[in-house]
Every structure is written in C-alpha cells, then in structure tokens.
Amino acid sequence: MDFLFERITYLFDPLHHFWEHERMHRRFALGLIVVFLGALAGIELNRQGLMPATLAAVTPTNHFHAVNLAFTLVLVLEVISLIFTLPCSFSKSVGKQFEILSLILLRDAFKELSYFSEPITIDGSLTPVYHILGYGFGALAVFALLGVYYRIQPAKKQDMGVPHDLFRFVAAKKGIALLILGVFVVLGLNNLYNMVAGLPHIDFFPVFYTLLIFTDILVVLVSQCFRPSFHAVFRNSGYALSTLFIRLALAAPPMYDVALGIAAIVFSIALTLAWTRVFTTKP
C-alpha cells in the first residue's frame, strides 16, 4: 500500500509544481487576453457578415459574449487550482470553492449584459439591471465574508498523530485529486466538442460542483481512517455540507442563488468558529 501512495505522490507533485509555477500563470494570463481579443474580433466579423456561414452559425453577434467567455476561462483555471488544493486541509479546499463561487456570481452579472443592445440602453424591463446589482453585491458579500473565513482559521494545524499516517492521508487525497482531474478533463473536452458540433451540452460548473459533493464526502470517509474523533468528523462533514449549499445555489433561480451562496459561507464561518473557539480551546 505504501508503494501505491509513493507512486501517487511522485505523479501528483510534479503536476502541481508545473501548474502553480509563476511562468505558467503568466502564459495563461496572456492566453486569456488573446482569446478575449480574438472573440471580440470574431463577433465583429460576424456582425459585418464577413464570417463563413458555418462559423457564423455558432458565433454570437453581441460583443458582451466575449466577456462571458473570458470569465468562463478564468473559472476553468480556478477550478483546476481547486483540484490541486484538495490534498491540503479541508478548510483551504472549501475556501477555494468559495473563491470560485464569488467569480461565478461576477460572471453571472456580466452575462446579464447580453440582454442589452449595443451601445447599452435601458428601455423596457429593468430585470437585467436588478440582476446585475444582485449578483454584483452578492459576489462582494461572499468576497468579504471569505476574508473573515480565512482570518479565523487556526494558525496551528491540528496534530494528525503519527507522521507516517499523515503521509498516507495526504497521498490518498492526492490520488482523489488526480481522479477528479481526469474526470474534469474528460467532461471539459466532451462539453467543448458538443458546443463546437452544435450538440446539446451541459452546464459545466453545476455538474462539477455536484461531483465535488461526492468528493468531499469521500475525503471525509478517508479522513475518518486517520482521525476518527467525533469533532474532526463533524467538522469535515460540515464543510462538505457547505459544498452542498454551493451546489444548491448554482441550481437556484436568480437572487435565490445569491442568498444561498451567502448562507453557505456564513455556515462555514459559524462552523469554523465553533471548531476553533469551543472544541479546540483548552478549558
């Protein structure tokens, strides 16, 4: 079994180092700029009737769709970073999920721009304006509460016990992360193919968060092998429940999703306070 844990570690660590390298982040940032400008140019060509019919059929005519594309790609990069944080502490992984939630709310605010004509004019229903305000302030609230969430995390990590058990536990989570990364790539490529081919495609991020619910529960079960105490199991299970709240938020109607997202991070903050101020404080 230790041989398997070592193989998983040798495979995961180089991938993690490659992804988190500063040079790669700069390349991805440059790629996002190129894609954004290319999307703007393609939309303008389509508006002018200069694009081949096959491409024109799948290319929008509203420039604000380029903004949605750019934010979607940013979210994809953040989700991959989330996968690589799974072997870290449960609290850090959940915090990364809330970071992604705040970006999703911002993206939803920008998506509402597609309902406006160019240049922007407000004539008729004010629903898109209300949604932009709701998503914008909702993203801000999650962002602010996320700062509180990170601030109240205990500075001292809880003792896992035997160092060898800690290595096994982290290696097991790295194996789960590699499995999730493979599923992420397959889902992404399949969704991309369906979009290009004009076939029905899934709403990727809600589906992925559904997968994260099962992943978090699996990590809870794995952690119970190494830290079977009631307090640790309740804490980890509570963080897994916050992931469920996020998934419900992604499936809820407009503005209900904002409320559920805020409720999810408030729940995580309350759970962290209960854990750090009550059960880990010596009498």
**OP:** Just subtract the alpha-carbon distance of Ala53 and Leu199 from 0.36 nm times their residue separation and send over the number in nm, one decimal.
**Re:** 50.8 nm
Original post:
Scattering from the C-alpha atoms of segment 36-84 alone, worked out with Debye: what is log10 I(q)/I(0) at q = 0.24 1/Å?
Top reply: -0.79
**OP:** Find the centroid of the Cα atoms in segment 66-120 and in segment 237-253, then give the distance between the two in whole Å.
**Re:** 16
Original post:
How many lysine pairs are close in the chain, with Cα atoms under 25 Å apart and the two 8 or more places apart or on different chains?
Top reply: 16
Subject >> For Ile33, net neighbour charge (Lys/Arg +1, Asp/Glu -1) across residues whose Cβ lies under 14 Å away >> reply: +2
**OP:** Take the alpha carbon gyration tensor of segment 92-205, find the square roots of its eigenvalues, order them as a ≥ b ≥ c, and report rounded if a/c is under 1.5; if not, report prolate when a/b exceeds b/c, else oblate.
**Re:** oblate
Original post:
So what is the 222 nm mean residue ellipticity for the chain from helices alone, if each DSSP H run of at least 4 adds -39500 (n - 2.57) and you divide by all residues, rounding to the nearest 500 deg cm²/dmol?
Top reply: -26500 deg cm²/dmol
**OP:** For segment 201-263, calculate the relative contact order in percent as a whole number, restricting contacts to Cα pairs under 8 Å that are 6 or more residues apart.
**Re:** 33
**OP:** May I ask you to work out the translational diffusion coefficient for the chain at 4 °C, viscosity 1.567 mPa s, via Stokes-Einstein with Rh from the Kirkwood sum over Cα pairs, reported in whole µm²/s?
**Re:** 62
Original post:
What Kirkwood hydrodynamic radius, in Å, does segment 97-153 give when the mean of 1/r is taken over all pairs of distinct Cα atoms and then inverted?
Top reply: 12.4
Original post:
When only C-alpha pairs under 8 Å and at least 6 residues apart count, what is the relative contact order of the chain, in percent?
Top reply: 20
Subject >> Calculated Rg and Dmax of segment 218-283 using C-alpha coordinates, Å >> reply: 14.0, 46
Subject >> segment 1-102 - convex hull of alpha carbons, volume per residue in Å³ >> reply: 136
Subject >> Charge sum, other residues only, whose C-beta stays under 12 Å from Glu78's C-beta, Lys/Arg counted +1 and Asp/Glu -1 >> reply: +1
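Excluding Ser223 itself, what net charge comes from residues whose Cβ is under 12 Å from its Cβ, given Lys and Arg +1 and Asp and Glu -1? It would help to have the intermediate numbers written out before the result.
Values: positive: Arg168, Lys173, Arg227, Arg235; negative: Asp165, Asp216.
So the surrounding residues net to +2.
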Original post:
Under the classification rounded if a/c is under 1.5, otherwise prolate if a/b is larger than b/c and oblate if not, where does segment 189-228 fall, given a ≥ b ≥ c as square roots of the Cα gyration tensor eigenvalues?
Top reply: prolate
Subject >> Value of relative contact order over segment 172-283, rounded to a whole percent, pairs C-alpha under 8 Å and six or more apart >> reply: 21
Original post:
In whole Å, what three semi-axes, largest first, describe the equivalent ellipsoid of segment 161-248 built from its Cα gyration tensor (square root of 5 times each eigenvalue)?
Top reply: 32, 16, 6
Original post:
By how many degrees, 0 to 90 and rounded to 10, does the Cα axis of helix 163-196 deviate from the longest principal axis of the chain?
Top reply: 20
Subject >> Stretchable slack from Ala270 to Glu118, in nm (0.36 nm times residue separation minus alpha-carbon distance) >> reply: 50.3 nm
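Just so you know, all these numbers are worked out from the coordinates, no wet-lab data involved. Keep in mind that what you see is a predicted model, and the values were worked out from it rather than measured. Quick reminder, even Gly has a Cβ in these numbers, built from the backbone with ideal geometry, and neighbours come from all protein chains shown.
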